[in-house]
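Please treat every number below as a calculation from the coordinates, not as lab data. In this text the structure is predicted, and so the values were computed from the model without any measurement. Virtual Cβ from ideal backbone geometry, glycine too; neighbours counted across all protein chains shown.
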Amino acid sequence: MAKKIKSVLNISEDIKPPPSVSKESVAKFKKRRKKKYSVQDYTQGIFEGNRIILSQAITLIESSLSNHQVIAQEIIEQCLPLCGKSVRVGITGVPGVGKSTFIEALGTYVTGLDKKLTVLAIDPSSARSKGSIMGDKTRMEKLASDPNAFIRPSPTAGSLGGVARKTRETIILCEAAGFDTIFIETVGVGQSEIAVHSMVDFFLLLMLAGAGDELQGIKRGIMEMADAIAITKADDGNIENAERARNEFQNALHLFPVSKSGWSPKVLTCSAVNLLGINTLWDTINEYCSLTRSNLYFQDKRKEQSRYWMSQTVEDYLRNHFYNHSDIKEKLPEIEKEVLERNLSPFVAAKKLLEGYFGKL
């Protein structure tokens, strides 16, 4: 006869089991969780600085459901009169530059000046990337717990244009909620820097010294967009390398044409760990904003950005409508096959699809 084995899952008699969950309590929880807000509820909560309602409104913006988008656009429309009063700073950098540590250091300094800060990200591939701001939120513990800071992860995945547009719309809500400083981090590479540049006032490029030929580590186009370059990790035994890199970048920037803003980009060194040069960086951002506001470039750039995003939104809508059209969905595989088999040129194929699309409208 098999010996009976005593279960290791027996609960001690001294420990009281938790109360059972009743159907009534579950129903009550679901009812509370399903509470729906009107557009007026959302906007009122945003104007009052309610973080929970602000987060829920941003979730509507990020949603792909059509009914959510209708509500989101109504909220944005009501928030527009209160937006535009912040300083928007784009932050990008090469891998390993220490963006999270830097953003926490600069962000903590800014909130220490009694300013309200939002940190957003543009990350079209965060489902695969290990540098997503979702992870940064756990690394930036001090800033995440700061009552004057609001850190919002970017959408988990999607096209760059879609993610960028949602970030742009999120800025409007955050400004309406009273945040006067917006940091936008680019997590991806390449085109994401251009997207960030199209929605910020000041573009900051972070670079790392002592990692080989620094000037080969970044594209010329991104350097041309930069209003300032910060050489990070200028501490301990790396100060000499950082200063050498600073001189190299400053000399390189002199080769670029003069900006329409009238501003000469600066190259600075800093240490986010030792908090060295952080205040100088913030002073540089303020100096830039003061100059460009006085010569009206700041205001003109904002207007140009609004025009750009209107155009981008039209293009995104047309592209989505085109590829989601039932006739196009039906014909596309067959025409693609003809192109791949070289029976049809890509240009003729595109013309056929467009003629069929516009003929059905």
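Here the convex hull built on the C-alpha positions of segment 36-82 has a volume of 64 cubic angstrom per residue. Taking 0.36 nm per residue of separation and subtracting the Cα-Cα distance, full extension of the segment from L332 to C83 would add 85.4 nm.
Once the Kirkwood radius over Cα pairs is known for segment 308-360, the Stokes-Einstein relation at 37 °C and 0.692 mPa s delivers a diffusion coefficient of 274 µm²/s. Sorting K166, K142 by the number of Cβ atoms found within 10 Å of their own Cβ, with the fewest placed first, yields K142, K166.
Label sites at R319 and V339, each approximated as a point 7 angstrom past Cα along Cα to Cβ, lie 1.4 nm apart. Cβ crowding within 10 Å ranks L173, L291, L353 as L291, L353, L173, fewest other Cβ atoms first.
Residue exposure proxy: M310, M140, ordered by other Cβ atoms within 10 angstrom of their Cβ from fewest to most, comes out as M310, M140. For the cross-link pairs K85/K166; K85/K303; K116/K233, which exceed 24 Å when the distance is taken from alpha carbon to alpha carbon? The pairs that break the limit, which is 24 Å between Cα atoms, are K116/K233. Sorted largest first, the principal axis extents computed over the alpha-carbon atoms of segment 228-326 equal 63, 36, 27 Å.
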